[in-house]
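J.: Questions regarding the structure given below will be posed in turn.
The values are calculated or read from the model by the stated rules, or taken from the named source; none is laboratory data. A quick note: this is a predicted structure, and the numbers were derived from the prediction, not measured. All Cβ positions, even for glycine, are placed from backbone atoms using ideal geometry, and neighbour counts span all protein chains on display. For the accessible areas, the whole protein counts, side chains as well, though only heavy atoms, and no ligand, DNA or RNA atoms are used. Shrake-Rupley method; radii C 1.70, N 1.55, O 1.52, S 1.80 Å.
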Amino acid sequence: MPTSTKLPTVSATRYVTPLREGGSLPGLMEGSDDGLYVVKFRAAGQGTLALAAEVIAAELARSIGIPVPRTVLIDVDPAIGAAEPDPEIQELILASPGLNLGSDFLPGARSYSPAEEWRPAAEAAAAIVWLDAFLTNVDRSARNPNLLVWHDELWAIDHGAALFRQHSGLAVEQAELPFAQLAEHVLLDAAGSIEVAGQRAAAMLDSSTLERAVDAVPQEWFGENVSAGYVEYLGARLARSPEFSREAEVARGD
Ligand SMILES: Nc1ncnc2c1ncn2[C@@H]1O[C@H](COP(=O)(O)OP(=O)(O)O)[C@@H](O)[C@H]1O
Ligand SMILES: [Mg+2]
């Protein structure tokens, strides 16, 4: 058995401010380690499967060299919510005792827009397109890129909508289904060869990398789903990299 990469746990010490752009009402929180974290709460509408997808996607992104903010588990004492004047936020914190998801806040990062002049490196963009095809991430469109530019690089955030088939159990056969939504991907124009990116990425992933990524998720976030099923699904999906990479090239007209 590989050693588990269980994520570090940090206690939340203060709720700083909500980040209202997104739908899941993430909040900025201070941690007991003096870090500042973007926290996604278990009680948010997307549910804990979205948090599981966030963890798995961030771990796998890191494994293939895509910049993603460091991930931690944030232990939230609901007493922190009692002091919140906004009833919606108070309710969310009160309903989310225990472990929640924290991502390192990237100070000064800006949201990426395909309309801006700055362009990501073609290889870096292709790696992100490949990851999103691998993980069936529906949330990287021009309208909602979920990409930050920081230190002149693209940072991938918000993977709660990845692995969307987990909501219907994530059966291994689903790994073979085409992923038509990839045609909406915000980086298709900027990306270099997705097939080359796929060959590179696949060489950096094996069954123990997949297992470690799934193992990093707190068991309770899987709900009724079985974590072993995720490892099996991801293995089957990875084996299809040549097929879905080709589909991605076709989606942009190559
Ligand atoms: N690690 C981070 N560092 C800085 N800003 C962030 C970070 N994560 C998220 N944000 C900001 O918060 C917004 C909402 O976060 P996101 O993860 O996209 O949540 P949602 O699920 O609500 O869309 C982002 O669009 C971005 O502006
Ligand atoms: Mg978002």
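J.: Picking from ASP158, ASP152, which residue would you name as being on the phi > 0 side of the Ramachandran plot, open to solvent by 20 Å² or more (accessible area, probe 1.4 Å), of a type in the set (Asp, Glu) and away from ligand 2 (no atom under 16 Å from the Cβ)? Write out each step before concluding.
T.: Details: ASP158 fails: away from ligand 2 (no atom under 16 Å from the Cβ).
Result of the check over ASP158, ASP152: ASP152.
J.: Assuming ALA52 fulfils every condition listed in (1) under 18 Å from MET29 (Cβ atoms); (2) in a helix (DSSP H, G or I) apart from one, which condition is it?
T.: Only one criterion in (1) under 18 Å from MET29 (Cβ atoms); (2) in a helix (DSSP H, G or I) is unmet by ALA52, namely (1).
J.: For segment 77-139, which helices (runs of 4 or more DSSP H) that fit wholly inside it have 3 or more residues that are open to solvent by 50 Å² or more (accessible area, probe 1.4 Å) and in contact with a helix residue (DSSP H, G or I) (Cβ under 9 Å, 6 or more places away or on another chain)?
T.: On the way: elements: 79-82, 87-94, 122-134.
The helices (runs of 4 or more DSSP H) meeting that bar are 87-94.
J.: Something else: Residues that are within 16 Å of ligand 2 (Cβ to nearest atom) and at pLDDT 95 or above: does segment 74-84 have at least one?
T.: Of all residues in segment 74-84, those within 16 Å of ligand 2 (Cβ to nearest atom) come to none.
Looking for residues that are within 16 Å of ligand 2 (Cβ to nearest atom) and at pLDDT 95 or above, one finds none in segment 74-84, hence no.
J.: Run GLU30 past the list (1) open to solvent by 30 Å² or more (accessible area, probe 1.4 Å); (2) touching a residue at least 60 places away in the same chain (Cβ under 8 Å) and report the number of the one that doesn't hold.
T.: Condition (2) is where GLU30 drops out.
J.: Can you go through GLU88, GLU84 and tell me which one is over 19 Å from THR13 (Cα atoms) and touching a residue at least 60 places away in the same chain (Cβ under 8 Å)? Can you show your working first?
T.: Details: GLU84 fails: over 19 Å from THR13 (Cα atoms).
Exactly one residue qualifies, and that residue is GLU88.
J.: Given (1) over 18 Å from ALA50 (Cβ atoms); (2) free of Cβ contacts under 8 Å to residues at least 12 places away in the same chain; (3) within 16 Å of ligand 2 (Cβ to nearest atom), identify the lone condition not met by ASN144.
T.: The number of the failed condition is (1).
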